[in-house]
């Protein structure tokens, strides 16, 4: 027997480690642990609005000025070292009357969903002025300058969500401050992106598809959502709509998909699993989300997280009122990598378009 064969596997493994190598056999246990799919990263958890709001108000006292740091309370998953899910973080931010959160930019993509807003609350993104009224969604895509202005005489609050876990895992983080409290804004209405993200666009310009600042007013979204109450919807999510990129019609942003979801009175959905994770905010209503056997009982303005590959289902506890949930998902990243899976069956983009009425009623 050769000397190499007689030294033993443990000693050989140690020698490999000292030479910055590792035998494939040492990964067997990891691979065996993947049988049946990934283990959920983190745990299901609920953050109650009454607790969050109390801490935000306290933060206004202990952090008198927001500056570039932001008066934001991030929701930390008890089962993770950092973040709300393994790829994303969600939190609540509050500005005091007249306050400005100074301009900066970073390679983390971010969204703002307004909890207590006003026409006089504004986020400026790359010179684009975006009002923030109740339940509006505002995008601050990666590497766009953004600052927030509270022009009201009261506190304002919104939900922040960023893909920070993903960006840090890829070691792709950049951050820069503008050096001024406010960024310059577009001086001419004709130069704003708002005039290029609707039904008509300049013929002489290239189309901007990335880093698109945008506002989705709640006054436009809510009627569409409620108008679909009679549709079949998803057996797993009820009536659920995605906020689409206004230029391409694709996902909200390359790494983030934002949804607005309605559970009709008394509705109960079927349980399913997705390799994506989801972070939720209750716009209104009362219900229960069961995640791997854990019941998260939520009501107005509460927030909760569903880890990846955790079985989950929804119940609207009211038999007379709808429940509406806003949520943020890492689905685009997983789809781009070919790693998005669902069980027991696919639910995204599987149903046909509504039939043309004339084709249905036309005599055969």
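The values are calculated or read from the model by the stated rules, or taken from the named source; none is laboratory data. Quick caveat, the model's predicted, so the values are computed rather than measured. Note that each Cβ is placed from the backbone with ideal geometry, even for glycine, and that neighbours are counted across all protein chains shown.
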Task: Positions within segment 150-184 being in contact with a strand residue (DSSP E or B) (Cβ under 9 Å, 6 or more places away or on another chain) and free of Cβ contacts under 8 Å to residues at least 12 places away in the same chain, in sequence order - done: 179
- [ ] Please find, among 46, 16, the residue that is over 20 Å from residue 116 (Cβ atoms), in contact with a strand residue (DSSP E or B) (Cβ under 6 Å, 6 or more places away or on another chain) and surrounded by 11 or more Cβ atoms within 10 Å (Cβ to Cβ).
- [x] 46
TODO: Select from segment 57-74 the residues that are under 17 Å from residue 109 (Cα atoms) and part of a loop (DSSP other than H, G, I, E, B) and write down the one among them that is modelled with the highest pLDDT.
DONE: 70
Task: Checking residue 194 against (1) surrounded by 12 or more Cβ atoms within 10 Å (Cβ to Cβ); (2) part of a loop (DSSP other than H, G, I, E, B), the condition it does not meet - done: (2)
- [ ] Would you tally the residues in segment 293-313 being over 27 Å from residue 338 (Cα atoms) and assigned to a strand (DSSP E or B)?
- [x] 6
TODO: Might you let me know whether segment 325-333 holds any residue that is assigned to a helix (DSSP H, G or I), surrounded by 19 or more Cβ atoms within 10 Å (Cβ to Cβ), in contact (Cβ under 8 Å) with a residue 12 or more places away in the chain and touching a strand residue (DSSP E or B) at 6+ places or on another chain (Cβ under 9 Å)?
DONE: yes
Open item on the list: Just the residues that are in a helix (DSSP H, G or I), in contact (Cβ under 8 Å) with a residue 60 or more places away in the chain and either surrounded by fewer than 16 Cβ atoms within 10 Å (Cβ to Cβ) or within 16 Å of the chain's Cα centre (by Cα) (or both), please, taken from segment 220-247.
Closed with: 222, 226
Task: Selection from segment 25-43 of residues that are modelled with pLDDT of 95 or more and either touching a strand residue (DSSP E or B) at 6+ places or on another chain (Cβ under 9 Å) or surrounded by fewer than 10 Cβ atoms within 10 Å (Cβ to Cβ) (or both) - done: 40, 42, 43
TODO: Residue by residue through segment 265-292, note down the ones that are in a loop (DSSP other than H, G, I, E, B) and either free of Cβ contacts under 8 Å to residues at least 12 places away in the same chain or in contact with a helix residue (DSSP H, G or I) (Cβ under 8 Å, 6 or more places away or on another chain) (or both).
DONE: 275, 276
Open item on the list: Could you tell me how many of the residues in segment 92-116 are in a loop (DSSP other than H, G, I, E, B), surrounded by fewer than 20 Cβ atoms within 10 Å (Cβ to Cβ) and touching a residue at least 60 places away in the same chain (Cβ under 8 Å)?
Closed with: 1
- [ ] Find the residue count for segment 17-34, including only residues that are out of contact with any helix residue (DSSP H, G or I) (no Cβ under 9 Å at 6 or more places or on another chain) and either part of a helix (DSSP H, G or I) or in contact (Cβ under 8 Å) with a residue 60 or more places away in the chain (or both).
- [x] 9
Open item on the list: Could you go through segment 149-158 and let me know if any residue there is closer than 30 Å to residue 55 by Cβ, in contact with a helix residue (DSSP H, G or I) (Cβ under 9 Å, 6 or more places away or on another chain) and not in a loop (DSSP other than H, G, I, E, B).
Closed with: yes
- [ ] Restricting attention to segment 125-142, report how many residues are surrounded by 19 or more Cβ atoms within 10 Å (Cβ to Cβ) and under 20 Å from the mean Cα position of the chain (by Cα).
- [x] 11
Open item on the list: Being under 30 Å from residue 284 (Cα atoms), in contact with a strand residue (DSSP E or B) (Cβ under 7 Å, 6 or more places away or on another chain) and at pLDDT 95 or above is the requirement here; does residue 133 meet it?
Closed with: yes
